[in-house]
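The values are calculated or read from the model by the stated rules, or taken from the named source; none is laboratory data. Just so it is clear, the structure is predicted and the values come from calculations on it, not from any experiment. A quick note on method: Cβ atoms are made from the backbone with ideal geometry, for glycine too, and the neighbour counts reach across all protein chains shown.
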4 protein chains.
Amino acid sequence: MSFTLTRLKRVQIGVIGYNSGSLPIKSKTLDLAYEVGSFIARKNAILVCGGLGGVMEYSCKGAKDNNGFTIGIVPQEDYSSANKYCDAVICTGVGLSRDFIVAYSSDGLISVGGGVGTLIELCVGYIAKKPMISISDSGGISDIYGGKYLDERNRMMIEKTESPMEAVEYILKRNELR
Amino acid sequence: MSFTLTRLKRVQIGVIGYNSGSLPIKSKTLDLAYEVGSFIARKNAILVCGGLGGVMEYSCKGAKDNNGFTIGIVPQEDYSSANKYCDAVICTGVGLSRDFIVAYSSDGLISVGGGVGTLIELCVGYIAKKPMISISDSGGISDIYGGKYLDERNRMMIEKTESPMEAVEYILKRNELR
Amino acid sequence: MSFTLTRLKRVQIGVIGYNSGSLPIKSKTLDLAYEVGSFIARKNAILVCGGLGGVMEYSCKGAKDNNGFTIGIVPQEDYSSANKYCDAVICTGVGLSRDFIVAYSSDGLISVGGGVGTLIELCVGYIAKKPMISISDSGGISDIYGGKYLDERNRMMIEKTESPMEAVEYILKRNELR
Amino acid sequence: MSFTLTRLKRVQIGVIGYNSGSLPIKSKTLDLAYEVGSFIARKNAILVCGGLGGVMEYSCKGAKDNNGFTIGIVPQEDYSSANKYCDAVICTGVGLSRDFIVAYSSDGLISVGGGVGTLIELCVGYIAKKPMISISDSGGISDIYGGKYLDERNRMMIEKTESPMEAVEYILKRNELR
């Protein structure tokens, strides 16, 4: 009798975008982040993010309010900077280069607003050929790069949608096709 | 009315030790790893490990057989090398220096056998003042360093025990006292 | 008698751009990289780069033909992938996240062509407030982002110039003003 | 006509040991570090180290007093913490996991005293099969591990010698034999 164990790993969806701090973030953007997190949880995927504030925190809260599981991958060596809605915190100690780890650890990326840190995560997703989709009208990098390629190689388009639910479904469908 | 949100993060216990591959590992050592994983799950803590084979795989299997949650932090950029008992895989892409991330991401470390990679993780735990305990008679680094300090600063002793259950309880108790 | 030692560190200028491999690179772009390296050496600055082929290799060659000193910071754990014009090779073992180390280790960045890897390095330079300048008509990311900011914070403009000599002088002048 | 370019890379020797700070370091140990740096420079090798104080600073000073070239690989994102005797500073931003980069970037390691950080660097050298030698009577990790293997695989012995000159010559000879 032959037997092949199925890998137990669940789908991991990365949510990337504005951190709290330097710039004020529109409440609409944070609401969109919350919704993205909610749908990730309802679809039984694991939410992966950079573990800090702003879009990261709101998406984690959305996931936890829907009984999801959340992992925050923080730059620091300890978890004290992580938002309170992370079930698990990965303390990298590698500073902002943890952006690579967030992208590599995601089976797909959903961007909500965002500055250069978010752009770095999209670039890593592009290199690693991850499905990526940005939420329209969420501001910043997401609005600039939705519907575009990141360089002339045209390797992976960053899709765009107004609907957090569609964004989650896009990542899930692309993972089924693999 | 004042309100303080409790951090949702669960206790994360790191299991470190032999990878499969170069050296044959005694079945007793793998059994001990399985038991360590079992007790981590029964105590509702999250099991963190380096995500690969040997002690990492057996401890993850022990946790999954007891309805636990397991996170593998692998050196690679993708999850294909992770053992099949990881619920979530953190793909660091930073090679073996992911040993730092395993130790930083653990609220305490339990060592079962192990070579220099395990020694590196104990060193990082020592620097970061994590509670550490080795399983006696599990071989390698665990037998050499159980009951000792790693340098002349005598910062944190690596405790030792023959009992996987006691090891898990030691880490949990030390985290309650923090 | 009071005494303050001057720091011996020399100015380190990062050259970033296309790696050899996937895409063919125009000979004009490689000539521009060679010239950038030549001027860095003539000005007695250290050339820092990602250590591999294409723009990295040609800029290192330009520096060595002018008695300069070159450091290649490679993704790998050993130096076998480094181009032959590196005086010193930093073997990071952290994969492509070494882009952060290239940017952090540079007192200014000059971009010549380039894809998403180059864009990541510019993003890190932007976060760390490094002077940055791109060579016009060198292709790719350099042509797209020369004269622009990388996000809505407008923190540091990526300057642009057609002249490799002016690019080097710009970085040197900006470091004198610090 | 056939032509093979010789790689220009010079031999890079890593000096590892106590940082300044927590523990007082014996002046004899610092003198030994200075001498190690002096001989590295006289043999025209590049000195690689962690870039900070204590053994790192004294070895760099020894090298610079003998017209050598020194590279400090620091944990921080900027060079302000580096000792003043570094010609070039690699700013990793990856925290203490830069120990991996120090070891990977060295064609051999010489240890002078040292705590757990030094032990981590020796472990990485052991994994990467680097020639390693410790200076006897320099204290700490160097005295404990000189003449020993780091785990049961007996992969690479850490040699020991009282003479800084012999230590440098050992690393050079082992690199010629490769």
- Query: Checking A:Asn154 against (1) within 14 Å of another protein chain (Cβ to nearest Cβ); (2) on the phi > 0 side of the Ramachandran plot; (3) in contact (Cβ under 8 Å) with a residue 40 or more places away in the chain, which single condition isn't satisfied?
  - Reply: (3)
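Can you pull out the residues in region C:17-42 that are touching a strand residue (DSSP E or B) at 6+ places or on another chain (Cβ under 8 Å) and either within 13 Å of chain A (Cβ to nearest Cβ) or hydroxyl-bearing (Ser, Thr, Tyr) (or both)? Even if it seems obvious, please write down each step before you answer.
Taking region C:17-42 and keeping what is touching a strand residue (DSSP E or B) at 6+ places or on another chain (Cβ under 8 Å), we get C:17-18, C:29, C:32-33, C:36-37, C:40-41.
Those that are touching a strand residue (DSSP E or B) at 6+ places or on another chain (Cβ under 8 Å) and either within 13 Å of chain A (Cβ to nearest Cβ) or hydroxyl-bearing (Ser, Thr, Tyr) (or both): C:Gly17, C:Tyr18, C:Thr29.
Tally the residues that are closer than 22 Å to A:Asp99 by Cβ and under 16 Å from the mean Cα position of the chain (by Cα), restricting the search to region A:19-33. Full working, then the answer.
Here is the first cut: in region A:19-33, the residues closer than 22 Å to A:Asp99 by Cβ are A:19-23, A:25, A:29-30, A:32-33.
With the extra rule that they be under 16 Å from the mean Cα position of the chain (by Cα), the set shrinks to A:19-20, A:29-30, A:32-33.
Summing the residues that are closer than 22 Å to A:Asp99 by Cβ and under 16 Å from the mean Cα position of the chain (by Cα) in region A:19-33 gives 6.
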- Filtered residues of region C:79-93 (kept if within 7 Å of chain D (Cβ to nearest Cβ) and not small (Gly, Ala, Ser)): C:Tyr79, C:Lys84, C:Tyr85, C:Cys86, C:Asp87, C:Val89, C:Ile90, C:Cys91, C:Thr92
- Number of the condition not met by A:Leu96 [criteria: (1) surrounded by fewer than 23 Cβ atoms within 10 Å (Cβ to Cβ); (2) under 27 Å from B:Gly108 (Cα atoms); (3) within 10 Å of chain B (Cβ to nearest Cβ); (4) of a type outside the set (Lys, Arg)]: (3)
- Taking the stated definitions as given, is B:Leu177 more than 13 Å from the chain's Cα centre (by Cα), over 27 Å from D:Asp99 (Cα atoms) and not polar (S, T, N, Q)? yes
- Which numbered condition B:Leu30 misses (of (1) part of a loop (DSSP other than H, G, I, E, B); (2) in contact (Cβ under 8 Å) with a residue 12 or more places away in the chain): (1)
- Message: Scan region B:160-172 and tell me whether some residue there is touching a Lys or Arg at 6+ places or on another chain (Cβ under 6 Å) and not in a helix (DSSP H, G or I).
- Response: no
- Note on the structure: Of those in region C:99-114 that are touching a Ser or Thr at 6+ places or on another chain (Cβ under 9 Å) and within 9 Å of another protein chain (Cβ to nearest Cβ), the residue farthest from A:Gly125 (Cα to Cα) is C:Ser105
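Rundown of residues vs (1) out of contact with any Pro (no Cβ under 8 Å at 6 or more places or on another chain); (2) hydroxyl-bearing (Ser, Thr, Tyr); (3) at pLDDT 95 or above; (4) surrounded by fewer than 24 Cβ atoms within 10 Å (Cβ to Cβ), yes/no style:
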residue	(1), (2), (3), (4)
B:Tyr85	yes, yes, yes, no
B:Ile101	yes, no, yes, no
B:Gly113	yes, no, yes, no
B:Val124	yes, no, yes, no
B:Ile135	no, no, yes, no
B:Gly139	yes, no, yes, yes
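So that you can scan it fast, the table gives a plain yes or no per residue for (1) in contact with a strand residue (DSSP E or B) (Cβ under 8 Å, 6 or more places away or on another chain); (2) of a type in the set (A, V, I, L, M, F, W, C):
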| position | (1), (2) |
| --- | --- |
| A:Lys84 | no, no |
| A:Gly108 | yes, no |
| A:Pro131 | yes, no |
| A:Lys148 | yes, no |
| A:Thr161 | yes, no |
| A:Leu177 | no, yes |
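Regarding B:Tyr79, is this residue touching a Lys or Arg at 6+ places or on another chain (Cβ under 9 Å) and surrounded by fewer than 24 Cβ atoms within 10 Å (Cβ to Cβ)? Spell out how you get there, then give the answer.
Values: touching a Lys or Arg at 6+ places or on another chain (Cβ under 9 Å): yes; surrounded by fewer than 24 Cβ atoms within 10 Å (Cβ to Cβ): yes.
Answer is yes for this residue.
Listed here are the residues, each with its yes/no results for (1) β-branched (Val, Ile, Thr); (2) within 13 Å of chain B (Cβ to nearest Cβ).
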| residue | (1), (2) |
| --- | --- |
| A:Val116 | yes, no |
| A:Tyr126 | no, no |
| A:Lys130 | no, yes |
| A:Ile135 | yes, no |
| A:Asp143 | no, no |
| A:Gly147 | no, no |
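Might you check whether a residue that is within 24 Å of A:Pro75 (Cβ to Cβ), free of Cβ contacts under 8 Å to residues at least 24 places away in the same chain and more than 10 Å from every other protein chain (Cβ to nearest Cβ) occurs anywhere in region B:157-178?
If we filter region B:157-178 for residues that are within 24 Å of A:Pro75 (Cβ to Cβ), which is where we start, we get B:175, B:178.
The next check asks that each one be free of Cβ contacts under 8 Å to residues at least 24 places away in the same chain; those that pass are B:178.
Filter once more, so that each one left must be more than 10 Å from every other protein chain (Cβ to nearest Cβ): B:178.
Yes.
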- Keeping to region A:19-65, report how many residues are crowded, with 24+ Cβ neighbours inside 10 Å and among the charged types (D, E, K, R). 1
- Task: Could you look through region C:54-78, keep only residues that are polar (S, T, N, Q) and within 10 Å of chain D (Cβ to nearest Cβ), and pick out the one that is nearest to the chain's Cα centre (by Cα)?
- Result: C:Thr70
